[in-house]
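A.B. asks: I'd like to ask you about the structure that follows.
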Amino acid sequence: MLLLFITVTVIYLMVGNYSEAFFMLGAIIAISGISFYQDSRSKEALEALEKLNEPLSTVIRDSKTIQVSTHEIAVGDLCIVNLHRNS
């Protein structure tokens, strides 16, 4: 779509219709800005979803039982493992 707008803008410039060319250039800038904004919002939403889906581990650290991200387990942490059996 953006390539189509750029092509139309170039055609308007070649024909000499400068007012339409500048209008199309403004539309290109507006569309690019909106696309950039939507893309950044989408990335933020995906990052938030990944945090919600991040696995947690229960560990004993400094004599306290806490939950940390699995990738944050450090040397010296004692991992608590729960085994659930279906009967």
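The values are calculated or read from the model by the stated rules, or taken from the named source; none is laboratory data. Predicted, not measured: the structure shown is a model, and the values here were computed from it. Here Cβ is always computed from backbone atoms with ideal geometry, including for glycine, and neighbour counts include all displayed protein chains. Note: accessible area is taken over every heavy atom of the protein model, side chains too, but ligands, DNA and RNA are not part of it. Shrake-Rupley method; radii C 1.70, N 1.55, O 1.52, S 1.80 Å.
A.B. asks: Mind grabbing the accessible area of Ile6 for me, 1.4 Å probe, Å², rounded to tens?
C.D. replies: Ile6 has an accessible surface of roughly 80 Å² with all protein chains in place.
A.B. asks: Now a separate question. Tell me the accessible surface of Leu13 in square angstrom (1.4 angstrom probe, heavy atoms of protein chains only), to the nearest ten.
C.D. replies: 80 Å²
A.B. asks: Then there's this: Could you tell me which of Leu46, Ile29, Val59 has its Cα farthest along the dipole of the chain towards the positive end, charges placed at Cβ (Lys, Arg +1; Asp, Glu -1), taken about the Cα centre?
C.D. replies: Val59
A.B. asks: While we're looking at this one, here's another question. Magnitude of the Cβ-charge dipole of the chain, K/R +1 and D/E -1, about the Cα centre, nearest 20 debye?
C.D. replies: Charge dipole, the chain, about its Cα centre: 200 debye, nearest 20.
A.B. asks: Let me ask another. Any chance you could give the angle, 0 to 90 degrees and rounded to 10, that helix 18-52 forms with the longest Cα principal axis of the chain?
C.D. replies: It works out to around 10 degrees.
A.B. asks: Ok, one more. Would you please classify the overall shape of the stretch 43-87 from the alpha carbon gyration tensor, given that a ≥ b ≥ c denote the square roots of the eigenvalues, rounded means a/c under 1.5, and beyond that prolate means a/b larger than b/c while oblate covers the rest?
C.D. replies: Oblate.
A.B. asks: Still on this structure, I have one more. Taking only protein heavy atoms into account and a 1.4 Å probe, give the accessible area per residue of the chain in Å².
C.D. replies: Computed with neighbouring chains in place, this is 88 Å² per residue.
A.B. asks: Here is a further query. Give me the angle, in degrees from 0 to 90, between the Cα long axis of helix 2-15 and the longest principal axis of the Cα atoms of the chain, rounded to the nearest 10.
C.D. replies: Around 20 degrees separate the two axes.
A.B. asks: Next question, about the same structure. Of (i) 27.2, 81; (ii) 18.6, 55; (iii) 18.7, 52, which one was derived for Rg and Dmax of the Cα atoms in Å from the structure shown?
C.D. replies: Recomputing Rg and Dmax of the Cα atoms in Å here picks out (i).
A.B. asks: At a 1.4 Å probe, what is the % contribution of carbon and sulfur to the accessible area of the chain?
C.D. replies: Of all accessible area on the chain, carbon and sulfur atoms account for 62 percent.
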